[in-house]
Amino acid sequence: MVTVSCAWREKMKFVAGSGGHEIEMDAKSPIGNDSAMTPKELLLSGVSGCTAMDVVALLKKYQQIVEEFLIQADADLIEGSHPAMFSQIRLNFKLKGKIDPEKAIEAVHLSQSKYCSVSAMISKVVPIYYTIEINGSQVGSGQADFNI
């Protein structure tokens, strides 16, 4: 079981907590103070963090030398929808180091088809597309595809 508490602080500021850790959320101005990420931004952060952990663990297992790793994530919103929902998510995996492109492609593919539980849940509703770059050159792309 996963348990989180979410407490209101002021205006549209909330603090979510679990296991002794806390994270703030806020809304954009004018209803909020824009002092923290919004819940949608946190959802995108959760997808990014989950898959990043998988990929780093797999690349370590494959004995790849990762010097830098960044995921740039963005999501389009369905025009005019209420509630405002994502229509698609794009993840750009940016790696630097001595990394075999086939190992990076395999690591991302395994994360986006087998291991990343957050992507598995979200991709049931919103398609997740990804690209993989190593040292500034794109080496692969795909779409999350969980057979569950």
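The values are calculated or read from the model by the stated rules, or taken from the named source; none is laboratory data. Note that this is a predicted model, so its numbers are computed, not measured. All Cβ positions, even for glycine, are placed from backbone atoms using ideal geometry, and neighbour counts span all protein chains on display. Just so you know, the surface numbers come from the protein's heavy atoms only, side chains and all, with ligands and any DNA or RNA stripped out. Shrake-Rupley method; radii C 1.70, N 1.55, O 1.52, S 1.80 Å.
Of all residues in region 29-47, those satisfying the criterion of being assigned to a helix (DSSP H, G or I), farther than 15 Å from Leu77 by Cβ and either open to solvent by 20 Å² or more (accessible area, probe 1.4 Å) or aromatic (Phe, Trp, Tyr) (or both) are Leu42, Ser45, Gly46.
The residues listed here are Glu102, Glu67; of these, the one that is part of a strand (DSSP E or B), more than 15 Å from the chain's Cα centre (by Cα), at pLDDT 95 or above and not small (Gly, Ala, Ser) is Glu67. Within region 119-135, the set of residues being among the hydrophobic types (A, V, I, L, M, F, W, C) and more than 16 Å from Cys50 (Cβ to Cβ) comprises Ile132, Ile134.
State which residue is surrounded by the most Cβ atoms within 10 Å (Cβ to Cβ) when the search covers only region 76-103 and only residues that are aliphatic (A, V, I, L, M) and under 18 Å from Asp145 (Cβ atoms). Checking each candidate, the answer is Leu91. Using the structure shown, decide if Ser119 is under 15 Å from the mean Cα position of the chain (by Cα), farther than 23 Å from Glu67 by Cβ and among the polar types (S, T, N, Q). The answer is yes for Ser119.
Within the option set Tyr130, Tyr62, being surrounded by fewer than 19 Cβ atoms within 10 Å (Cβ to Cβ), aromatic (Phe, Trp, Tyr) and either at pLDDT 95 or above or closer than 23 Å to Ala16 by Cβ (or both) holds for one residue only, Tyr62. The condition of being modelled with pLDDT under 95 and either of a type in the set (A, V, I, L, M, F, W, C) or part of a helix (DSSP H, G or I) (or both) holds for only one of Ala57, Ala75, Ala52, Ala84, that being Ala84.
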